[in-house]
Amino acid sequence: MNENLFTSFITPMMLGLPLVTLIILFPSLLFPTPNRLINNRLISLQQWALQLVSKQMMSIHNTKGQSWTLMLMSLILFIASTNLLGLLPHSFTPTTQLSMNLGMATPLWAGAVITGFRNKTKVSLAHFLPQGTPTPLIPMLVIIETISLFIQPMALAVRLTANITAGHLLIHLIGGATLALTSISTTTALITFVILILLTILEFAVAMIQAYVFTLLVSLYLHDNT
């Protein structure tokens, strides 16, 4: 185990060049394009899951919102596969980097907001000032609503970063405790090892859930602006 808790979050380098680009591109290799008349079980399961998620997520959208289906499905696949690959030993999880998550959240949020101002200008502007607001509170409320609008991409990025980072740190700490207790108390080490296994299973679920939550929130922002 590494002594530094944050070593696993450092971007890997080779010959002085960052490997994060190759790591980001790697998950796309796990989803082959079907080119057979009858698909195998893996591709059939993949297509069934995508259809289920897309039907549930995009059913609330109109025609303009449903045009984002391919982008949102690609987003959830990328985040989920990246989170899951990050749980492998000696691996790197790009979604623990706030800069990368902001790079995903900001363009999607900006695209949804620009779409809203372009197609529903009056409705989008009305969000800054709810109906029936007292006159003295109008300037303050407009400022608050503006701040809440611009903080949405930061909230998306921080939520994903915090959840993935916290899970990796817990696994690191409990794994180190298990290794240290092996030479002290076998029974206690066994108990912590069981906890480590349960936490790892939980992190697999968190990796999938966080990908769904991130995409769902982007979908809701899009729904409010279409």
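Points worth noting:
- Peptides 52-59, 137-144 ordered by average Cβ neighbours within 10 Å, highest first: 52-59, 137-144
- Put a plus charge on the Cβ of each Lys and Arg, a minus charge on the Cβ of each Asp and Glu, and nothing anywhere else: the dipole of the chain about its Cα centre is then about 700 debye.
- Stretchable slack from M71 to A126, in nm (0.36 nm times residue separation minus alpha-carbon distance): 17.0 nm
- The slack in the chain from L179 to L29, taken as 0.36 nm per residue of separation less the alpha-carbon distance, amounts to 50.6 nm.
- Helical mean residue ellipticity (222 nm; -39500 (n - 2.57) per DSSP H run of 4+; nearest 500) of the chain: -23000 deg cm²/dmol
- Sequence ranges 206-214, 180-188, 83-91, ranked by mean other-Cβ count within 10 angstrom, highest first: 206-214, 83-91, 180-188
- For the range 48-119 versus the range 127-199, the gap between their alpha-carbon centres in whole angstrom: 19
- Point-to-point label distance, S44-H223, nm (Cα→Cβ direction, 7 Å offset): 3.2
- With a cut-off of 15 Å between beta carbons, the residues surrounding K64 carry a summed charge of +1, where Lys and Arg count +1 and Asp and Glu -1.
- Computed E for L198/S91 - FRET, C-beta separation, R0 25 angstrom, nearest 0.05: 0.75
- Sequence-separation-based contact order of the range 169-226, relative, with Cα cut under 8 Å and 6+ spacing, percent: 27
- Packing-based ranking of 167-179, 122-134 yields 167-179, 122-134, ordered from highest to lowest mean Cβ neighbour count within 10 Å.
- Rounded FRET efficiency, nearest 0.05, which uses the C-beta distance separating T186 from A155 and R0 of 41 Å: 0.35
- Measuring nothing but protein heavy atoms, the accessible surface of the chain at 1.4 Å probe radius is 72 percent carbon and sulfur.
- When the Cα positions of P136, P107, M71 are compared along the charge dipole of the chain, M71 comes out farthest toward the positive end, with charges on each C-beta of Lys, Arg, Asp and Glu.
- The share of C-alpha pairs in the range 4-225 whose separation exceeds 22 Å stands at 63 percent.
- Rolling a 1.4 Å probe across the protein heavy atoms gives the range 4-225 an accessible surface of 61 Å² per residue.
The values are calculated or read from the model by the stated rules, or taken from the named source; none is laboratory data. Computed from a predicted structure; not experimentally measured. In this analysis, Cβ positions are derived from the backbone assuming ideal geometry, glycine residues included, and neighbour counts consider all displayed protein chains. Heavy atoms of the whole protein, side chains included, go into the accessibility calculation; ligands, DNA and RNA do not. Shrake-Rupley method; radii C 1.70, N 1.55, O 1.52, S 1.80 Å.
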